[in-house]
Ligand code: WT7
């Protein structure tokens with residue numbers, strides 16, 4: 001078993017890293033202090049990192065007051081996102097690679113798309129959109145594989161001021177239709193097929209099914225990815241590649257107001273239909289660009305790889321907008337970490353000499369279970385920094401990532417943020433803030449976190465504090481509203497704790513002022529009157545050598561209120577047994593305390609995950625509650641069959 005005490009320490013970046021870093025400790029302290037003391041001066045200056053067609057005169061006009069939630073940044077400024085991400089680099093970087101595209105199948109050649117090619121392709125798509133009557137403020141839904149055309153289409157929308165809403169290619173036709181209808185999209189851009197992990201999904205086929213539930217005015221532009229056959233509806237479907245080829249290669253960009261909506265991204269709430277998170281133009285771009293440069297310590301000439309899908313905010317901010325606004329080279333990967341083999345991530349890092357690598361703990365854990373030999377095979381000497389996002393990274397995964405991928409020399413930035421925040425809000429700044437494995441560490445510039453008592457809403461004033469994470473002031477990357485439902489926006493984020501933006505996450509602040517995210521408060525369980533973070537129990541479980549992955553939920557318990565139900569995936573080659581179950585119970589008891597001992601442990605060959613890797617706890621809670629008749633929509637799962645196994649072998653039959 002691994003010695004966890006080694007991970008209790010603090011990890012500063014090497015002197016060599018600090019010497020080259022954009023921001024050192026003193027710089028962080030000074031800039032952070034300035035950013036919260038005088039946000040107008042701070043952001044007024046930081047906003048100069050992007051090009052404005054007409055400069056703003058007002059920096060900040062924001063209110064978290066009940067009944068008047070209003071967020072405006074750089075309000076009277078005019079700019080264009082596509083001009084910032086492409087045109088302004090043309091004098092200095094026309095022939096630099098903007099996007100390295102790595103296809104699903106490593107036998108297919110990668111593509112290196114220069115800024116000049118990016119400009120031309122974006123312009124061609126913009127001209128196609130215009131020809132189809134798309135104008136400023138219109139909504140365009142993208143339902144695409146991870147191919148360069150997805151980036152062209154996003155940038156083409158911003159070029160003409162259209163609002164894009166990217167729907168992850170793993171979503172079902174119903175989910176697609178709901179989003180098209182909710183934002184009243186004029187047009188959908190899709191592809192024939194989406195290859196992923198050696199299999200292919202019929203995106204066009206799914207779109208056809210979705211369109212049955214949408215207005216017949218909605219047009220469909222189809223790009224060719226595999227060239228395999230699809231059906232075709234004359235008059236509704238149009239060939240994007242043919243129209244691009246026929247379109248003019250240049251399209252002027254339009255002036256867009258800083259507060260004009262830039263994109264909508266649908267995200268699930270704890271209840272009801274998905275929420276259409278709205279981001280606007282100026283503040284979002286400033287924040288995405290600044291966080292990309294500072295958090296990842298991105299330097300000119302570096303190759304940056306974020307493994308997310310553009311269907312998620314991570315892909316928006318850190319594959320497309322942040323990197324391209326900074327004139328970076330960004331990697332776009334169509335495949336999965338485990339195909340054709342478990343070394344794919346590292347093979348791609350070596351092949352494209354990646355300098356910053358950004359992925360999710362769930363990916364790390366699944367690769368960890370398959371053995372370090374897959375990493376050791378590849379030359380990872382180009383790596384300078386590693387990133388993590390999506391959930392707290394458990395010490396075991398941190399340690400593996402640090403040792404085998406980072407070779408002990410790459411800072412790991414554990415970036416805490418949300419679809420709603422546009423970019424990182426709590427994160428190590430690598431040259432400035434020593435890491436503590438499992439902590440997202442300190443607030444980014446301009447972010448004012450407060451820990452509130454969950455029940456009373458009292459602000460915890462001591463350095464050491466525990467409660468819910470709220471933010472007391474706005475930042476430029478903050479979402480502005482929910483599409484078509486400002487009232488729901490206020491209810492979802494500002495009604496729980498008046499005067500604050502509520503993240504929905506629990507958190508602890510330690511004696512050094514470091515923040516430790518303890519997970520969504522809806523995942524917090526209450527055992528015998530004690531609050532227990534499911535993430536904490538999971539972290540303990542995966543710290544055991546036999547465990548590859550674990551998910552913990554609460555279930556109704558006669559005596560304790562809630563009991564602890566653990567789904568455990570064992571390492572390859574480890575056999576489940578009652579003896580092992582007892583060992584794991586004792587292990588957790590030992591790691592956290594008797595109160596954390598799982599009441600039920602179910603051996604799970606797999607966990608129900610969305611195709612982006614998020615564990616669907618809603619489903620796990622239902623099964624743990626022995627209430628699996630109403631699991632809701634499971635169509636977005638990466639592998640729906642996992643659920644059947646979990647139901648069949650459920651532990652709580654009371
Ligand atoms: C939720 C937001 C924003 C990128 C991906 C997810 C959890 C995210 C961390 C982290 C602990 C994290 C939170 C948050 N989360 N990053 N570094 N440490 N928790 O976006 O789908 O909007 O989910 O993910 O619970 O609220 P999202």
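Coordinate-derived values only; no laboratory data. None of the values given here were measured: they were computed from a predicted structure. Positions of Cβ are backbone-derived with ideal geometry, glycine not excepted, and every protein chain shown enters the neighbour counts.
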Degrees separating the helix 578-591 axis from the principal Cα axis of the chain, which is the longest one: 80 degrees
By average C-beta atoms within 10 angstrom, highest first, the peptides 321-333, 167-179, 340-352, 49-61: 321-333, 167-179, 340-352, 49-61
Estimated inter-spin distance, residue 255 and residue 338, nm [label 7 Å along Cα→Cβ]: 5.3 nm
Between helix 173-182 and the chain: long-axis angle, C-alpha atoms, 0 to 90°, nearest 10: 60 degrees
Degrees between helix 148-160 axis and first principal axis of the chain (Cα, 0 to 90, nearest 10): 60 degrees
Spread of Cα-to-Cα distances over 10 Å intervals beginning at zero, given as percent, for the chain: 3, 16, 27, 28, 19, 6, 1, 0
More than 19 angstrom apart: percent of Cα pairs within the stretch 131-285: 53 percent
Cα-projected label distance for residue 628 with residue 559, points at 7 Å along beta-carbon direction, nm: 2.7 nm
Relative contact order [Cα under 8 Å, 6+ residues apart], the stretch 444-526, whole percent: 29 percent
20 Å reach of a label modelled at residue 94, 7 Å along Cα-to-Cβ, counting backbone N of the stretch 123-141: 123-125
Length gained when the stretch residue 571-residue 491 is fully extended (0.36 nm per residue, less Cα-Cα span): 24.5 nm
Virtual spin-label span in nm between residue 590 and residue 36, 7 Å along Cα→Cβ: 4.0 nm
DSSP-defined beta bridges in the stretch 307-463 - what % are antiparallel, rounded to 5: 25 percent
Whether the stretch 1-148 is rounded, prolate or oblate, judged on the alpha carbon gyration tensor where a/c under 1.5 counts as rounded: oblate
Descending semi-axes in whole angstrom, ellipsoid equivalent of the stretch 343-416, from the Cα gyration tensor: 17, 14, 11
FRET efficiency estimate (nearest 0.05) - Cβ-Cβ, residue 644 to residue 377, R0 51 angstrom: 0.90
Pairwise centroid distance, computed over Cα atoms, of the stretch 356-410 with the stretch 296-323, Å: 17 Å
DSSP bridge orientation in the stretch 529-654 - percent antiparallel, rounded to nearest 5: 75 percent
At R0 = 30 Å, FRET efficiency that the Cβ-Cβ distance of residue 24 and residue 407 yields, to 0.05: 0.85
Cα centroid separation - the stretch 119-147 against the stretch 552-618, whole Å: 46 Å
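Need one number: % antiparallel among DSSP beta bridges in the chain, to the nearest 5.
Numbers: 61 of 100 bridges.
Restricted to the chain, the bridges split so that about 60 percent are antiparallel.
Would you work out the relative contact order for the chain, in percent, from Cα pairs under 8 angstrom that are 6 or more residues apart?
On the way: 1426 pairs, mean separation 83.6, N = 654.
Once normalised by length, the contact order is 13 percent.
Compute the length gained on full extension between residue 51 and residue 184: take 0.36 nm times their separation in residues and subtract their Cα-Cα distance, giving the result in nm to one decimal. Write out the running numbers ahead of the final one.
On the way: separation 133, 0.36 × 133 = 47.88 nm, distance 3.09 nm.
Stretched fully, the residue 51-residue 184 segment lengthens by 44.8 nm.
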Estimated D of the stretch 202-305 in µm² per second, where Rh is the Kirkwood radius over Cα pairs and Stokes-Einstein applies at 20 °C, 1.002 mPa s: 118 µm²/s
Added length on full extension, which subtracts the Cα-Cα distance from 0.36 nm per residue, residue 70 to residue 216: 49.0 nm
